[in-house]
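Encoded as structure tokens, the structure appears first; notes follow it.
A short reminder: the numbers here are calculations on the coordinates, not readings from a lab. If you're wondering where the values come from, they're calculated on a predicted model, not measured in any experiment. Here the Cβ positions follow ideal geometry from the backbone for every residue, glycine too, while neighbour counts run over all protein chains shown.
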Amino acid sequence: MNIEIKSLHFAYPDGTEALKGISLTIASGEQIAIVGQNGAGKTTLARHLNGLLKPSGGTVFVGDWETTQHPVAKLAARVGYVFQNPDEQLFSRDVLTEVSFGPRNLGYAKEKVDALAQRALALTELSEKTEVNPYDLSPTWRKMVALASIIAMDTPIVVFDEPTTGQDAANVARIARVVAELKREGKTVIAITHDIDFCAENFERVVALSRGQILLDGATRDVLGQEAVLAQTYVEPPQLTRLGKRLGLKETVVNQEELLQALKK
Amino acid sequence: MSDRLSFHVQRDSFLHRLNPLTKLTLAFALVVVAFVLPFYWTPIFVLFAVIVPLSVSGKIFREFSWAALRLILPAVGFLFVMQALFQPIGEQVVFKFYFLDATTESVAYAFRNAARIFVMISAFTLFLLSTHPSELMSDLTRRGLPSQFSYVVISTLQIIPQMQAKANAIIAAQRSRGLDTESSFLKRAGALGPLVGPLVFGSLVEVEERAIAIEARGFTSKRAKTSLYEIADSKFESVLRWSLVALVVLSIGLNLWHS
Amino acid sequence: MAFVNVRNLTYAYPLTKQPALQDINLQIEEGEFVALIGANGAGKSTLCYALAGFVPHFFKGELQGEVEADGKLSSQSTLSEWTLNVGLTFQNPFNQISGAKYTVFEEIAFGLENIGVPREEIKVRVEEALALTDIRELARRSPYSLSGGQQQRVALTSILVMRPKLLVLDEPTSQMDPVGAKEVFSAVRKLAQEGMTVVMAEHKTEWIARFADRVVALKEGRILMQGAPREVLTSDLLFENGFGVSRYTSAAREARRRGLWTKKSLPVSLDEAAEGFGAIR
């Protein structure tokens, strides 16, 4: 299912122009990271993908649906959205009920709801914790419950808002495994992130926003190599990319394996 | 999210420069006078001879008239119609609505009551438009109101935008999980749990963290607090306040003597 | 005599058996910048609360040992005396907004009003603090209209303006863009040079290595290791315990495993990594 954004403009009620003409096509099965400084419009853009915000100008299509024509609750069948703060969504007495909430809303039969929930719980390493009250879990695991509750909806497109914020190395690795699995299943994954190393290691395409416009859009390697342009939106290239540049490598490297391979040559 | 958390409109005017307590006293005095002075046209006089001119001199006539016409008038108008129709006094019928009669007397009665309520709300609207809440609280704290009390008042005033921000975030999150909040009432009632749960839990965490945050910034410090704002006060204003108090006492006296 | 002395500190939150902190001993010199690292739940936040006096004054529970700063014991001070010298920010910036103020400027002045700083001095100090964290353009905005990263800057500024002798920051840059986060590290470094003692819990090891004087690694409520950033962040002990370290360190470690990295020590910074990997080419 493709996403087609055409000259999208958006202004908040107070008049702040958050998006100033964004055009973007996201093909089915792509892994895209959206980066940029605080206030660049990343979250505003992402919220257009499932209709939480409707364009002031331009159009957003998710498959053949224009987002203005469908309520958010319906768009939820196509676009899953994982919010930054899990505490803004968890309400059930146990993890299993919480994770089943989304697929139940989508109207699936009980067997399918159970199957989807179990799969999501396995993917987020929560299978041992299905009976626990989400609020008895540490914030780290609450984050995973929030992830699972969206993955269980089995949407072709999943959006993550700052998935690694405040997470330790072990949990960042866990989230990376979830992204990889979604990719294997052929889903489109879109993440808003400040964690540029995470972005380099898990996404194949990067869109850099600056002041409501697209600054750069392309393959991860091509975008993250452009240090001077990225600086305009307060992003630094990943550590290993900077290292590769310093070493004078011809190719831009974005992860450890590429660095070590390039050095062998 | 809204940037506008209070009614206050920043202007440079005589009214804005008055001490907050003076304006508060004035608002109270106008209300008391409008209610107790035993002359039929008192509320109308107070409105057009005092409140409206003050809004002009305060350079907030536009904002004031917007509030008066769009917010106060419809509510007071409704009250007027209801009282005119339901008040069982008088003989001379001026208007019939099914079995309900409005008489000359009930219309006059309803008009006076509506005018009084209008004065009450517009006096305080004028006060809120021309007074920054922080200045009011700083001034009252300086005069001996416990700072905990003024914190509670001010933070309660701010609860609305805060809760709004929180509630919006929660609604967005649950709608994204397919929760239908846009259609039938029944469905919306069913959506209450997923919306209220996080709001309550969030508020509990928030209360604890907020307490830590303000404590970390010396909230319960034993030292005498200061204020960012210099709040003007003068002998003249003090005299003015006491005159207003005298006016209130006089009106009440006149009311008692008259009846 | 160290500025901060934590002695045999063991603490469990009310209604819990497992202590959040166990047998913590920590000395910090005046003007030192100490970074706390560790997994979520390792005790970083609890240690921050203990240094800032909220354990045990706000969070009750079982406490043994003591925290001393500037020659005074936290258990013998009241919380409001303690917070005059010790500033704290924690993770969620939204909940740190006082709720009593209408603009960022007023919000930052709040603490100074509370401790009775004269009006003219408040204005000067707020202006200085706004400049220090580079948020002058936010001064007239409502704190509630800001993004998470901006609110985090406001929370930090609200504490800096009080000029604490000991500054305790619990993940102060988690929601900031990368360059913004680096700027905060650099500003804190400068404050430490001017004599402020700083304890900061963070995950961003590249900036910890560059800006902090010392790293304290916590695991399951205990200090696993502490020392100079290079020594701690490149140690095998940290690697074996699954701590997150910079990509420079992990790439060099992998290169060493493959027999490519020949230097004795592993790098923690871009410069060191460039030097070490440069030798491989």
> If you place +1 on the Cβ of every Lys and Arg and -1 on the Cβ of every Asp and Glu, how big does the dipole about the Cα centre of chain C come out, in debye to the nearest 20?
Replying inline: 740
>> Strictly over 32 Å apart at the Cα level, which of A:LYS42/A:LYS143; A:LYS183/C:LYS190; A:LYS6/A:LYS187; A:LYS6/A:LYS112; B:LYS59/C:LYS123; A:LYS54/A:LYS183 would you flag in this model?
In response: A:LYS183/C:LYS190; A:LYS6/A:LYS112
> To the nearest Å, what is the center-to-center distance of the stretch A:13-27 and the stretch A:89-162, using C-alpha atoms only?
Replying inline: 31
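Taking 20 °C and 1.002 mPa s as the conditions, I'd like the Stokes-Einstein D for the stretch B:32-136 in µm²/s, using the Kirkwood hydrodynamic radius from alpha carbon pairs. Could you put the intermediate results ahead of the total?
On the way: Rh = 14.9 Å.
Estimated diffusion coefficient is 143 µm²/s.
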>> I'd like the orientation of helix C:270-280 relative to chain C: the angle between its Cα long axis and the longest Cα principal axis, in ° from 0 to 90, rounded to 10.
In response: 10
>> Quick check on chain B: helices-only [θ] at 222 nm, where DSSP H runs of length 4 and up contribute -39,500 (n - 2.57) each and the sum goes over total residues. Nearest 500, please.
In response: -21500 deg cm²/dmol
> Over chain C, what is the relative contact order in whole percent, taking alpha-carbon pairs under 8 Å and six or more residues apart?
Replying inline: 22
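Given only helices, namely DSSP H runs of n ≥ 4 each adding -39500 (n - 2.57), what is the per-residue ellipticity at 222 nm of chain C, to the nearest 500 deg cm²/dmol?
Details: 12 runs with 112 residues, N = 281.
Calculated at 222 nm, the ellipticity per residue is -11500 deg cm²/dmol.
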> Taking the Cα centre of the stretch C:4-245 as the origin and placing charges on Cβ (Lys, Arg +1; Asp, Glu -1), which of C:GLY148, C:PHE211, C:SER77 is farthest toward the positive end of the dipole?
Replying inline: C:GLY148
> Restricting attention to the alpha-carbon atoms of the protein assembly as shown, what are Rg (one decimal) and Dmax (integer), both in Å?
Replying inline: 30.7, 109
>> How big is the dipole moment of the stretch A:1-121 about its Cα centre under a simple scheme where the beta carbon of each Lys and Arg is +1, that of each Asp and Glu is -1, and everything else is neutral? Debye, nearest 20, please.
In response: 160
>> Counting only Cα atoms, I'd like the Rg/Rh figure for the stretch C:158-221, Kirkwood definition for Rh.
In response: 0.95
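Note down the magnitude of the dipole of the protein assembly as shown about its Cα centre, charges +1 on Lys and Arg C-beta and -1 on Asp and Glu C-beta and zero elsewhere, to the nearest 20 debye.
On the way: 85 positive and 84 negative charges, 150 e Å.
The dipole magnitude comes to about 720 debye.
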> Which of B:VAL205, B:VAL248, B:SER238 sits closest to the plus end of the dipole of the stretch B:204-248, meaning its Cα is farthest towards the positive end, when Lys and Arg get +1 and Asp and Glu get -1 on the C-beta?
Replying inline: B:SER238
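Can you give the % of DSSP beta bridges in the protein assembly as shown that are antiparallel, to the nearest 5?
Numbers: 43 of 77 bridges.
The antiparallel proportion sits near 55 percent.
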> Counting only residues 5 or more places away or on other chains, whose amide H sits under 5 Å from the amide H of C:ASP170 once H atoms are built in the peptide plane?
Replying inline: C:THR89, C:PHE90, C:ALA201
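Which links in B:LYS23/C:LYS101; A:LYS245/C:LYS263; C:LYS101/C:LYS204 stretch past 23 Å when you go from one Cα to the other? Can you show the working numbers first?
On the way: B:LYS23/C:LYS101 21 Å; A:LYS245/C:LYS263 21 Å; C:LYS101/C:LYS204 32 Å.
Check vs 23 Å cut-off fails for C:LYS101/C:LYS204.
Helix-only estimate, please: 222 nm mean residue ellipticity of chain A, summing -39500 (n - 2.57) across DSSP H runs of length 4 or more and dividing by its residues, to the nearest 500.
Details: 11 runs with 100 residues, N = 265.
Theoretical 222 nm ellipticity from helices: -10500 deg cm²/dmol.
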> If chain A were replaced by its equivalent ellipsoid, with semi-axes equal to the square roots of 5 times the Cα gyration tensor eigenvalues, what would those be, largest first, whole Å?
Replying inline: 30, 24, 16
>> List the residues, sorted by chain then number, that are 5 or more residues from C:THR10 or on another chain and whose placed amide H is less than 5 Å from its amide H.
In response: C:ASP23, C:ILE24, C:GLN64, C:GLY65
> Taking B:LYS235 as the anchor, which aspartates and glutamates have their alpha carbon closer than 18 Å to its alpha carbon, excluding any fewer than eight residues away along the same chain?
Replying inline: B:ASP139
> Projected onto the charge dipole of the stretch C:107-255 (+1 at Lys/Arg Cβ, -1 at Asp/Glu Cβ, origin at the Cα centre), which of C:LEU166, C:ASN241, C:MET176 gives the Cα projection farthest towards the positive end?
Replying inline: C:LEU166
>> Could you tell me the relative contact order of chain B? Use alpha-carbon pairs under 8 Å, at least six residues apart, and round to a whole percent.
In response: 30
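Which whole-number percentage describes the relative contact order of chain A, with Cα contacts under 8 Å and a sequence gap of 6 or more?
It rounds to 23 percent for chain A.
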